[in-house]
Amino acid sequence: MKVLAVASEAVPLVKTGGLADVVGALPAALAGEGVEMRVLLPGYRGLAARLEAPRPVRLETAWGTVDLVLGRIGACEFALVDAPGLYDRDGGPYAGPDGRDWGDNPHRFAYLARVGAAIAAAGLDGWRPDAVHAHDWQAGLLPAFLAEDHAHAPPVLFTIHNIAFQGAYDRGVLTEIGLSDRLMTLDGIEYHGGVGFLKAGIALSDRVSTVSPGYAAELMTPEFGMGLDGLLRHRSGVVSGVLNGIDTHLWDPASDPALPARYGPETLAEKARNRAALAERFALDPAADAPLFIVVSRLTWQKGLDLLLEALAALLSTGGTLALLGSGEPGLEDGLRGAARAHPGRIGVEIGYDEALSHLMLGGGDAILVPSRFEPCGLTQLMGLRYGTVPVVARTGGLADTVIDANEAARRAGVATGVLHAPGDAAALARAIGRTAALFRDRPGWAAIQRAGLGHPVGWEASAAAYAALYRQMRP
Ligand code: ADP
C-alpha cells in the first residue's frame, strides 16, 4: 500500500529533534512491510539542491497552483513544497536566526497541511496514497483541509511526538490560512477560542498514535495531557502507542566511522579506547573505577538538566566524570558552562549540535543520563542500549517502556539494562547516580547489564509492523 507522510522535518534533510529521526527512518523500515512511503516536507532553504535527481512538479488544486520538487535520497522519496515566500529563508525550521519563532508559522504549516491534503486526495504525478501519516502540530490541520477542500479522502493517522508543542493560534488566522468557520467547533479545530493545530489532528484524524505505550497512557491524565487529556480520553478508542526505534545501521558500534575503536558484545573491552578519546576531547581525567557519564540533549525544562545541575555534587562525590553535549535555553547553557569551569577535568560541556561527537560520546561513555520530566519516547537511551552505554533514566513515558531497572531481581534474572529513578526529583536522580557508580564497580555485573542492553531490540522491526497494521486497519 502507499502512504504519504507529512512532517516538518526528516533526516537526512532537516532535523531539530527526534521527530526527524522517526520520519526519516520509517520509509526504509516500512518497505519490508509492503508499505511504499513518500515524505512531504516544506522546501526550506537549500533542501531541494540536496535531492538526487530533483524535478519540479506542479499540482493544480481548486484553491490554486502548488509547486513542488520531487527527488530522492537513497531509497527514500521526498516531495518538497516549493513556496519560497514561506520557506526559503535563513534560520531554522521554526525560528529565525534570533531564535524567535517565525511570526507566520501558522501560515507556513497550514500551507504544508493543505498541500498534503491535496496530494492525499488527488495524488501527485500519478502516485496516489491509500493513507496519510501526519506528524505533530505542523501537520495537524491536514484532516481539517481534507474535510474542507475534498469530498473523497484517504484515512489519516496522526502521531503526537510531543504534546508540549501545540500550534495554538488566534482565531484571526482562520480565513488567512484557507479554512472556514464550519470547523470551528468543539470536536473540530476550535481550541480555547482560537485554532489548535495539534488539537485538530487529534480531533479529526481516523487514528491517533503517540510514540510509546507509556506516553499514550500518560497523555490521558491532567498531569501530562497539557490541556488535551480530556479530548484524548474521549478519543481513547482510536489512540495507541507505538515505540520509536533507531536506525541500527547508522547507530552500530561494530561499524561506526566516528569511533576510534569498533566493538560488539564479545569485544566490549574495546570501548576503553573510545573512552580515552572522549576524555581527551572534553579534557577530562576520568577515574578507572567510576563511570564517565554522558548527556546528549536539547537543553530545556523538559529534559530535566536543571535537576542534573542540582545533582552534580553527588555525581562528583562518586568519583565520576561528566561529558555533556547540548544546546537550548541560555540559563541552562550558562549553568552548565559554569559547572565545567568550576570542575575542570571532571565536568566537560560542549554547547552546540554535533552529530559526529554524539556518536563518539555513545561509543566512549559508560552511562548516559536522561533525567527528563516527561519523555514521549526518547532516542538517546535506545542509542545507549545499542552502544553498551548504560541508560540512567527517569521513570516516565518511553524511558520507562524501554529500560529495565537493575534491581536485585532483574539482575539475578539477567534482564537489567539500566537504572531508573523518579522523574522531576533531583534527590532521586542523585541516588540513581550513586547506584550507577556502585553497579559500575562490580565489573562482571556491569558487563552483564551492558550485554543485556546490547541484546535489547532497539530497531524499527516491531514498530514498523505496528504502523503497517494501523494503516491497513484504517483503509476503507
Ligand atoms: P527530542 O526529540 O525531545 O529532542 P529525542 O531523544 O527523541 O529527544 O531525540 C533527540 C535526538 O537529537 C537524538 O537523535 C539525539 O542524539 C539528538 N541530539 C540532541 N541534541 C543533540 C546535540 N546537541 N548534538 C547532536 N545530537 C543531538
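Details
- Residues that are among the hydrophobic types (A, V, I, L, M, F, W, C), more than 8 Å from the ligand (Cβ to nearest atom) and within 22 Å of residue 22 (Cβ to Cβ), drawn from region 363-381: 368, 374
- Any hit, region 383-394, residues being touching a residue at least 24 places away in the same chain (Cβ under 8 Å) and under 30 Å from residue 204 (Cα atoms): no
- So residue 284, is it more than 16 Å from the ligand (Cβ to nearest atom), out of contact with any Asp or Glu (no Cβ under 6 Å at 6 or more places or on another chain) and farther than 23 Å from residue 419 by Cα: yes
- The residue that is farthest from residue 115 (Cα to Cα), among those in region 1-40 that are part of a strand (DSSP E or B) and either small (Gly, Ala, Ser) or within 13 Å of the ligand (Cβ to nearest atom) (or both), is 14.
- For region 158-181, the criterion of a residue being within 19 Å of residue 7 (Cα to Cα) and in a helix (DSSP H, G or I) is satisfied by at least one position.
- Residue count for region 329-364 under the criterion of being at pLDDT below 95 and assigned to a strand (DSSP E or B): the result is 0.
- Only a single criterion out of (1) away from the ligand (no atom under 16 Å from the Cβ); (2) within 20 Å of the chain's Cα centre (by Cα); (3) more than 15 Å from residue 239 (Cα to Cα) is not satisfied by residue 134, namely (3).
- Matching residues, region 330-358, being surrounded by 19 or more Cβ atoms within 10 Å (Cβ to Cβ), hydrophobic (A, V, I, L, M, F, W, C) and within 16 Å of the ligand (Cβ to nearest atom): 332, 336, 340, 349
- Odd one out for residue 327, checked against (1) within 16 Å of the ligand (Cβ to nearest atom); (2) crowded, with 21+ Cβ neighbours inside 10 Å: (2)
- Within region 304-317, the presence of a residue that is under 26 Å from residue 135 (Cβ atoms), surrounded by fewer than 24 Cβ atoms within 10 Å (Cβ to Cβ) and within 16 Å of the ligand (Cβ to nearest atom) is excluded.
The values are calculated or read from the model by the stated rules, or taken from the named source; none is laboratory data. Source: prediction; values computed, not measured. Cβ coordinates were reconstructed from backbone atoms using ideal geometry, including for glycine residues, and neighbour counts include every protein chain displayed.
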